[in-house]
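Comments concern the structure below.
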Amino acid sequence: MSRREMSVAGTFYPAECSEIQRYIDTFTQALPAQNHKRQARAVIAPHAGYVYSGFTANAAYSQVDTKTIKRVVLIGPSHRVYLQGASVALSETYESPCASIKMDLEYSKALLQKYAVLSSVQTAHAEHSTETQVPFIEHYFGDVQLVEIVYGDINYTDLAPIIDEILVKEENFVVISTDLSHFYDLGKANKLDAICYEGIKKMDVNFLDKGCEACGMTGVKALIEAAEKRGLKSEVIDYRTSYDASGDASSVVGYLSVLIG
């Protein structure tokens with residue numbers, strides 16, 4: 001059986017399931033009491049180490065009504081391998097400290113055959129932008145199947161039709177992974193991230209071009225284009241920077257989580 005092995009367990013997030021659970025419990029206890037879950041179709045979530053961005057990611061995941069979701073498609077930028085287009089993981093299971101999760105190999109192959117911008121480059125899938133999302137999915141979504149798409153040099157207009165097709169089925173849920181600005185002082189980071197915040201809130205890809213910096217910008221724009229086509233709206237759930245965890249304002253990274261529904 002082919003497996004998508006863990007590549008950043010023990011660095012970006014704990015290698016022990018009990019420690020992941022401890023993080024999620026701590027994050028959840030710090031949230032306001034929730035009266036109901038949200039009927040969301042997608043989430044935008046950060047992918048840094050859990051100590052920095054885990055609260056922001058969890059704040060969104062914890063609000064999703066998962067009852068009808070059967071398939072989660074993870075989409076994130078490649079940080080380590082140069083890619084022309086995007087790569088689909090062709091594995092049967094996705095390994096995680098808390099579970100071995102089934103991947104939807106048939107669905108993945110169907111996407112690969114349909115879209116010329118997709119290929120399958122195994123080395124591209126040792127990627128933290130997607131992997132850091134999996135423990136949250138395992139915790140909140142339970143018995144779902146995964147599809148993983150890692151993208152490189154691709155225009156968002158070529159990725160948007162793929163997301164649009166995924167969103168056709170109500171049983172599908174899309175995860176777009178991105179962090180925001182990197183390594184500015186806190187004041188500069190807040191200004192740049194505010195552009196991202198407003199652009200995503202307004203569902204306006206052109207507004208994002210006014211100065212938003214995000215490693216997953218392509219995925220964010222593609223999701224906005226596909227979501228707008230389907231009449232979906234955005235709700236920003238949490239924004240913060242690494243300063244909130246480190247206390248160092250001299251060089252920070254920005255994090256945002258958003259529900260689309």
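All of the numbers you see were taken from the coordinates with simple rules; none came from a lab. Everything numeric here is computed off the predicted structure, so don't read it as measured data. Note: ideal-geometry Cβ built from the backbone for every residue, glycine included; neighbour counts use all protein chains shown.
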> What is segment 220-261's relative contact order, in percent, from Cα pairs under 8 angstrom and six or more apart in sequence?
Replying inline: 44 percent
> Farthest toward the dipole's positive end in segment 1-157, which of Gly142, Asn35, His125, given Cβ charges of +1 (Lys, Arg) and -1 (Asp, Glu) about the Cα centre?
Replying inline: Asn35
> Rounded to the nearest 20 Debye, what is the dipole magnitude of the chain about its Cα centre when Lys and Arg each give +1 and Asp and Glu each give -1 at the C-beta?
Replying inline: 520 debye
>> Given an 8 Å cut-off on Cα distances and at least 6 residues of separation, report the relative contact order of the chain as a percent.
In response: 27 percent
>> Once each part is reduced to its C-alpha centroid, what is the distance from segment 138-208 to segment 222-261 in angstrom?
In response: 8 Å
> Label-point separation (nm) for Tyr82 and Glu198, each offset 7 Å from Cα along Cα-to-Cβ?
Replying inline: 3.6 nm
>> Quick check on my link table: of Lys70/Lys114; Lys70/Lys102; Lys70/Lys202, which ones sit more than 18 Å apart, alpha carbon to alpha carbon?
In response: Lys70/Lys114; Lys70/Lys202
>> Within 10 Å of each candidate Cβ there may be at most 15 other Cβ atoms; applying that plus a DSSP loop requirement, which GluC sites (Glu not before Pro) in segment 119-171 survive?
In response: Glu170, Glu171
>> So for each of 212-223, 180-191, 70-81 I average, over its residues, the number of other beta carbons within 10 Å; can you give me the resulting order with the highest mean first?
In response: 212-223, 70-81, 180-191
> Along the charge dipole of segment 171-261, which of Val258, Phe183, Tyr239 sits closest to the positive end, that is, farthest toward it, with unit charges on the beta carbon of Lys, Arg, Asp and Glu (+1, +1, -1, -1)?
Replying inline: Val258
>> Taking the Cα centre as origin and putting +1 on Lys and Arg beta-carbons and -1 on Asp and Glu beta-carbons, what dipole magnitude results for segment 143-261, to the nearest 20 debye?
In response: 380 debye
>> Lone cysteines in the chain, defined as no other cysteine's Cβ under 4.7 Å from theirs: which are they?
In response: Cys215
>> Cross-link candidates for Lys201: which lysines have Cα within less than 25 Å, leaving aside residues fewer than 8 places away along the same chain?
In response: Lys37, Lys169, Lys188, Lys191, Lys210, Lys221, Lys229, Lys233
> Put +1 on the Cβ of each Lys and Arg and -1 on the Cβ of each Asp and Glu in segment 35-260; which of His79, Met217, Val51 then has its Cα farthest toward the positive end of the dipole?
Replying inline: Met217
>> Here are labelled values, (i) 16.9, 49; (ii) 17.0, 53; (iii) 19.3, 65, and one is the computed Rg and Dmax of the Cα atoms in Å for what I pasted. Which one?
In response: (i)
> So what is the calculated 222 nm ellipticity per residue for the chain, using -39500 (n - 2.57) for each DSSP H run with n of 4 or more, over all residues, to the nearest 500 deg cm²/dmol?
Replying inline: -11000 deg cm²/dmol
> Say a paramagnetic label sat at a point 7 Å from the Cα of Met6, along Cα to Cβ; which residues of segment 127-160 have their backbone N under 16 Å from it?
Replying inline: 127-139
> Where nothing but the Cβ of Lys and Arg (+1) and of Asp and Glu (-1) is charged, how large is the charge dipole of segment 1-125 around its Cα centre, in debye to the nearest 20?
Replying inline: 460 debye
> By how many nm would the segment from Ser100 to Asp143 lengthen if fully extended, with 0.36 nm per residue of separation less the alpha-carbon distance?
Replying inline: 14.4 nm
